[in-house]
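Asker: This structure is in C-alpha cells; I'll ask about it shortly.
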Amino acid sequence: MKLFLNILIILMFPLYLLAQPLGNEWINYNQQYYKFSLFQNGVYKINYTTLLNSGFPINSVDPRSIQIFGRGNEEYIYIKGQSDGVFNTDDFIEFYGKKK
C-alpha cells in the first residue's frame, strides 16, 4: 500500500507542476502593450512629447483607456485632461512606479 501511494504521488507530481500559473494571466492578447523600464522607485510623469517621440499612437488612443501594469498588477494612474477623450499637448500621465 505504501509503495502504491509513493508511485501515485510520483505520477501525479508532474500534473501539479503543469497547473501552476505562469504569471502572465493578466495579459489580454487583443490589446497592444508598450514596455518601459524604471530605474528607481518614485512618481513618474509622462508628457505628450515623450509619448509622441517613443512611437506611442497618441492621436488615435483615448486617454481614458490607458492602463499601466507593473509586475502583472494594474497601477493607479492620473491622466490630466482625459475627460475630453483626447490626449492634448499639455496633458500627461502620472503614476508611482517601482523599479524592477
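The values are calculated or read from the model by the stated rules, or taken from the named source; none is laboratory data. Every value quoted in this text rests on a predicted model; they were computed, and no experiment measured them. Reconstructed Cβ throughout: ideal geometry from the backbone, glycine too, with neighbour counts over all protein chains shown.
Asker: Could you go through segment 11-24 and let me know if any residue there is at pLDDT 90 or above and surrounded by fewer than 11 Cβ atoms within 10 Å (Cβ to Cβ).
Answerer: The answer is no; no qualifying residue exists.
Asker: Scan segment 25-46 and tell me whether some residue there is surrounded by 14 or more Cβ atoms within 10 Å (Cβ to Cβ), at pLDDT 90 or above, not in a strand (DSSP E or B) and not charged (D, E, K, R).
Answerer: no
Asker: Quickly run through segment 54-82 and pick out the residues that are surrounded by fewer than 15 Cβ atoms within 10 Å (Cβ to Cβ), in a helix (DSSP H, G or I) and in contact (Cβ under 8 Å) with a residue 12 or more places away in the chain. Give the derivation first.
Answerer: So in segment 54-82, the residues surrounded by fewer than 15 Cβ atoms within 10 Å (Cβ to Cβ) come out as 54-55, 57, 59-60, 62, 64-65, 67, 69-76, 78.
Next, only the ones that are in a helix (DSSP H, G or I) stay: 59-60, 64-65.
Once the filter is applied, which keeps residues that are surrounded by fewer than 15 Cβ atoms within 10 Å (Cβ to Cβ), in a helix (DSSP H, G or I) and in contact (Cβ under 8 Å) with a residue 12 or more places away in the chain, segment 54-82 yields Asn59, Arg64.
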